[in-house]
Each structure stands twice: as C-alpha cells, then as structure tokens.
Amino acid sequence: MENELRKPPAPAAPWQRLVPPRRARLPLMALAAVGLVALLGFLYIKSQGVDYRRQGEILGYLRELREIDGRWDFEVLRARTEGHSGKAKVADDRGVRAPELLKRLQQVAAESPSQALARELPALLQAFNQKAELLRRYRAAQLMVTQALGRLVEFDTEIAGLVRGAWAGFPQRDRLVAVESTSALLFAHLMRYTADPSEAQRKTVETFAADLRKSSEGLPAALRDGLARLDSTVQQVLGAKPVEDELFLKISVSSAGPRINSLTDAFTREAADTESDSERYRIYLIAYAGALLILIGWLLSKLAVSYRLLNEANRVLESRVEERTRALSDALQQLKESEAQLIQTEKMSSLGQMVAGIAHEINTPLAYVKNSLGSVAGKLPEVKQLVVETNKLLRLMEDPSPNPERLQAKYAAVRGLVNHFAEQQALAELGQLANDGLYGIEQISEIVLNLKNFSRLDRSKVSSFNLNEGIESALVLAKHELKHLKVTKHLGDIPAITCSPSQLNQVFLNLINNAAQAIESGAGEITVSTRAEGTDHVAVEIADNGKGIPPEIMSKIFDPFFTTKAVGKGTGLGLSISYKIVEQHGGRISVDSTVGQGTRFTIVLPLVPPAALDDAA
C-alpha cells in the first residue's frame, strides 16, 4: 500500500501539456482581451463610411461646372446658328462663376482623400481655362465680323448716294452704274460668305472686291474714297471670318465637358467602392461583435451556478429563435427589394427600346424640316437681290428727272429677275418647302404628344382614363417595331375606367412588342380590339398571326424570368409585370394560342378598381 502511494504521478495527456500554467494564464488572457479590443477598434474604424457632406459638395461643384460648360456650348451654337444679325452674341457672364468654382473645387480636393480628384482635377482645370480663353477670342472675332457687316450695310446706302452725287459731273455714267452694281453684288456675296464660309465663296468675294478696286480708278475722289473704305471693311471680314470658324471648331472639340463627366464618374465610382468596403467591414464588425458577445456569454455561463443553466439555455434558445425570425424577415424584405429592382430593370429595358424606336421615327420628319430650311436658305439671296434691284428701280422712278437710259436698264434688270423667278416657279417652290417643313414639325409634334399621353406624367397616378387613348399611344410609340406589319384596329365605344394610365400603357406596349416579335417572317398582321364587357368591365384583345406558343410552355409564360428569347434579348419579366399590373387593377389576363397560327391576349378590367390600387400604383 505504501509503495503504491509513493508511485510517481502518471504522465499528463498531450492536450494537458498545451494548457499553460495557472500563473501564466492571467497575462495571456489580458493580452488576448487587448487583442480582441484592438481588432474591434480596427473594424470600427474601417466601417466608417464616406463623408457625404463633402461628397455632395464636390458633386455639386462638378454639376455646376457641367452646367456652365453646357451653357457655353449652347450660347456658342446659338450665336453660330443665328449668324451676325447683331442679336446673337455669346454670353460672357459664365466665366465669372467658373474660376470661383474651380478654386473651391481645388480647396475641397486638397482636403479630400480622393485619388480620382488628385489624378484628374489638374487636367480639368487646364481644359476649362483653355476653353475660357477660346471663348474670349471667339467673342472678339465674332464682334469684329458683326461690326464690319454693320458698316457694310451702311456702305450700301453710302455708295448709292455717292454715285448719285457724281452722276451729273462725271461723263462715264456707265462706269458709275457698274460700280454700284458691283458693290451690291459684292455685299450680297459677302453676306453669303458669312453664312457659308466655303473656299469657293471666298474666291467669289475676292474677285468682286478686285473688280471694284479696278473700277474705282479714275472715278471722283469722294466715290473713290468710299470704295476704298468699303474694300477695307470687306478685307476685315475676310480676315476675321476664318479665325472665327477656326475658334468655333476648337470650342466644339474642347475636352472640358468630357473631362467633367470623366471626373464625376471616377469620383462617384471611387465613393461607391469606398462605401462598399465600409459596408463589408460593417458586416465583419457585426459578425465579430456577435462572436464576442457569444464568447462573453459562454464565459459568464461557465461562472454561473448550475441551477441557472436551464434558464440560461432557454434564454439563449429564445434569442436564437428571435434572431432567426429577424433574419427571415430581413431576407423577405431583401426579396421584395430585389423584386422591385428587377421590375425597374424591365421598365428601363422597355424604355430603352421605346426611345430607340422614337428616335428612329423622329429622324424622318426631322429630315423634312432640315432639307426644307436648307433649300429656303439657298433661295433667300435671289429674293434679296430682287428686292434690292426693285428698290433701286423705285428710287429711280421717284427721281423728278430720271435718266431714261438708266431707268430703262434698271427696269430691264428687274424684269429679268422677275421672269427668272417666274420661270423657275421660285415662289411656288418656297411655298412647297414651307409646307414640307410644317409637315415634318406636325409629325414630330404628334410623336411627342403621344409620348406625353403614354407617360401621363402630368396627371395623377390614378385617374379616369379611356383605354382607346392608351392603345393609340402605344401603337405610335411601337411604330418602329410595326413598320413592316399590318395593324388592324377595332376600337369600340367603351367607357372610361379608373386606373393607373402609365401602368396600363406599359402593359399595352409590352403585349404589342411581344406580338410584333412573334412574327418572324417580317410580314404579318396584328389586330387590336376593345369592347365593353357587360355593364361594369371593358376588354382589350391583342392578337397576332405569328409562330404561336407551344402548349408545353403555356403555363410558364407569366412566370418571372421565363423567356424563349436568346440570351441578352429579354429579361423574362414583361408578361410577369403585365400580369401583376392587371391583377392589381382587379382584372384578369388570359391567352389563347395555336402553334403556327398566332396568339391572342385578352385583358378584362373593371370600371372601378380595388381600393388598394392607390397604394400599389
């Protein structure tokens, strides 16, 4: 027995050898606690998000700079379009605000940790300053051309007066007539050159100017001086106009606007990335804090007395149930948000297709207007020449003692211009061009009106609405998809219903586009019908003679994300969204299809929808 008591202790198990001695546990626990707290502080610092106040301030400055750049471009284009009438001039109050904004942006960028600002802001400052300098030079060149043209208008009257003054004392009156005629033609061609500064037109102006200088030799001194001043002004226009055109081209290709957009996009992406990283660290922080709480709870539970173990277990179980319930609620909320985002994606996809079609339809009438205005502009110099010659003839006729030869020559010139107009039927052509332009404007107005009616942005979400109007608007907006198809309408006399017009318009557009895409041959027929269904419902039918829907997929066509289109051609949400909209309006949608013959969708809607429609809309 004594020998047994004196036996050496049994060797410790391997796991026991890993446990530190009791005297070393306290420092290790303190060190672990410090490490855990330090990690918690690190995660908290990394979870701090973007400074939204500073971000909004920077984006506000960039937005103002974009507006200033756009206004500059608009004013330059307007000045270029309206010409040198004296009314068109480039506004110069934009540059007052721009340096202040750039200075503030530099100050904020110096305080911001954004790498995008530090990288792209210097190039933006240089581009903006270059564009401001180009605008200053462009204004000066345009002002010089405008003032010179104003003096030319005065010279036209002055030369005519000098010719009349020299008429009595100068025997070679045919030269005086030639000088006056050449100056008028020079003025007309110079005005045409300012509107169309081509090389051929410039050579024409230089030819007339040279003829006028040659004709001035031997004329009376006063007339010769007037012609010299006229020639000096013409040379001033010829010298300033190319400079103005060159500056206009440089302003047109200025990189200020694209650099603003590039900086804005880069800064926004950088802020989004920063916020994404912060959100990820928040998740880590929450998970880590939860782990710490579990650890602390476990340690406390080890110190608690045995009779509280059951209560503590129940509390932990209830806590876990609540957490799981909360997690399920959060998951449900995320699913709802995802559904809303997917519906918005489908709406944006439909909007993109609709905008592409509208742009295509607007191009054709816009070409009418452009061609008509171009042809009218080409005829205006001839009309002006006729007016000028007629005015000169009237002045000769008003002279108490007119020169018969000159009067007869001027009458022959005016008569020749009138005969020329009559032979070319110029007035009839101008009238036709004006009608063509008005026709194009009417077509564009019709498209815009239908787009406005389609969106119903100027009306409340729920209002009284006639479905025939929505059908007409949807057909116009889907015209690009229907251009090779025959569309037959049987729109009955139906009452207006209370509904959300924009949502039902979206349903009609979806079904019409689907019907057009179901006709693969490119030549088919779509039939749209409306009728009253009983006393309190209306029905809409949209049918096509396309490929039809196979029976095996008929039950899936209203399921979200189900589509038979190729990848990238559709989201599979169009019919699902349409079904949900009709259901929210208290109606029903059904489909009847035969493979190879076509498909017919039928929508039945009540005159008065459920009370929950206002919230759903």
(message) I'd like to verify a number: residues in the range 263-312 that are small (Gly, Ala, Ser) and more than 30 Å from residue 122 (Cα to Cα), how many?
(response) 8
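Here are 264, 274: which of them is assigned to a helix (DSSP H, G or I), at pLDDT below 80 and of a type in the set (Ser, Thr, Tyr)? Full working, then the answer.
Numbers: 264 fails: at pLDDT below 80.
Of the residues listed, the single one that is assigned to a helix (DSSP H, G or I), at pLDDT below 80 and of a type in the set (Ser, Thr, Tyr) is 274.
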(request) From (1) within 23 Å of residue 175 (Cβ to Cβ); (2) in contact (Cβ under 8 Å) with a residue 60 or more places away in the chain; (3) polar (S, T, N, Q), pick out the condition that doesn't hold for residue 255. (result) (1)
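Only one residue in 222, 178 is more than 43 Å from the chain's Cα centre (by Cα), surrounded by fewer than 19 Cβ atoms within 10 Å (Cβ to Cβ), of a type outside the set (Ser, Thr, Tyr) and under 13 Å from residue 166 (Cα atoms). Which one?
From the options 222, 178, the qualifying one is 222.
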(request) State the number of residues belonging to the range 146-179 that are part of a helix (DSSP H, G or I) and more than 20 Å from residue 212 (Cβ to Cβ). (result) 2
(message) Kindly evaluate residue 187 against the criterion of being buried (at least 17 other Cβ atoms within 10 Å of the Cβ) and touching an Asp or Glu at 6+ places or on another chain (Cβ under 8 Å).
(response) yes
(message) Please determine whether any residue of the range 193-200 is of a type in the set (A, V, I, L, M, F, W, C) and surrounded by 15 or more Cβ atoms within 10 Å (Cβ to Cβ).
(response) no
(message) Given the condition more than 19 Å from residue 193 (Cβ to Cβ), polar (S, T, N, Q) and touching a residue at least 60 places away in the same chain (Cβ under 8 Å), answer yes or no: does some residue in the range 377-396 qualify?
(response) no
(message) Quick check on residue 269: is it touching a Leu at 6+ places or on another chain (Cβ under 9 Å), assigned to a helix (DSSP H, G or I), open to solvent by 60 Å² or more (accessible area, probe 1.4 Å) and in contact (Cβ under 8 Å) with a residue 12 or more places away in the chain?
(response) no
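One line per residue, one yes/no per condition, for (1) open to solvent by 30 Å² or more (accessible area, probe 1.4 Å); (2) assigned to a loop (DSSP other than H, G, I, E, B); (3) at pLDDT below 85:
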{"residue": "530", "(1), (2), (3)": "no, no, no"}
{"residue": "541", "(1), (2), (3)": "yes, no, no"}
{"residue": "546", "(1), (2), (3)": "no, yes, no"}
{"residue": "553", "(1), (2), (3)": "yes, no, yes"}
{"residue": "558", "(1), (2), (3)": "yes, yes, yes"}
{"residue": "564", "(1), (2), (3)": "yes, yes, yes"}
(request) Would you point out the residue of the range 31-56, among those that are open to solvent by 70 Å² or more (accessible area, probe 1.4 Å) and among the aliphatic types (A, V, I, L, M), that is modelled with the lowest pLDDT? (result) 45
(request) Could you tell me which numbered condition residue 124 fails, if it satisfies all but one of (1) farther than 23 Å from residue 72 by Cβ; (2) part of a helix (DSSP H, G or I)? (result) (1)
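Kindly provide the set of residues from the range 401-415 that are part of a helix (DSSP H, G or I) and surrounded by 14 or more Cβ atoms within 10 Å (Cβ to Cβ), ordered by number.
Hits for the range 401-415 are 406, 407, 409, 410, 411, 413, 414.
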(message) Against the condition in contact with a Pro (Cβ under 7 Å, 6 or more places away or on another chain), open to solvent by less than 30 Å² (accessible area, probe 1.4 Å) and farther than 30 Å from residue 70 by Cα, how does residue 155 come out, does it pass?
(response) no
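The rows are residues; the columns are (1) open to solvent by 50 Å² or more (accessible area, probe 1.4 Å); (2) modelled with pLDDT under 75.
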residue: 515; (1), (2): no, no
residue: 524; (1), (2): no, no
residue: 572; (1), (2): no, yes
residue: 581; (1), (2): no, no
residue: 591; (1), (2): no, no
residue: 601; (1), (2): no, no
residue: 606; (1), (2): no, no
residue: 615; (1), (2): yes, yes
(request) For the range 89-107, state whether one or more residues are open to solvent by 80 Å² or more (accessible area, probe 1.4 Å), in a loop (DSSP other than H, G, I, E, B), at pLDDT below 80 and within 30 Å of residue 370 (Cβ to Cβ). (result) yes
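The values are calculated or read from the model by the stated rules, or taken from the named source; none is laboratory data. Bear in mind that the values here come from a model prediction, so they are computed numbers and not experimental data. Here Cβ is always computed from backbone atoms with ideal geometry, including for glycine, and neighbour counts include all displayed protein chains. Ligands, DNA and RNA are excluded from the accessible area calculation, which covers all protein heavy atoms including side chains. Shrake-Rupley method; radii C 1.70, N 1.55, O 1.52, S 1.80 Å.
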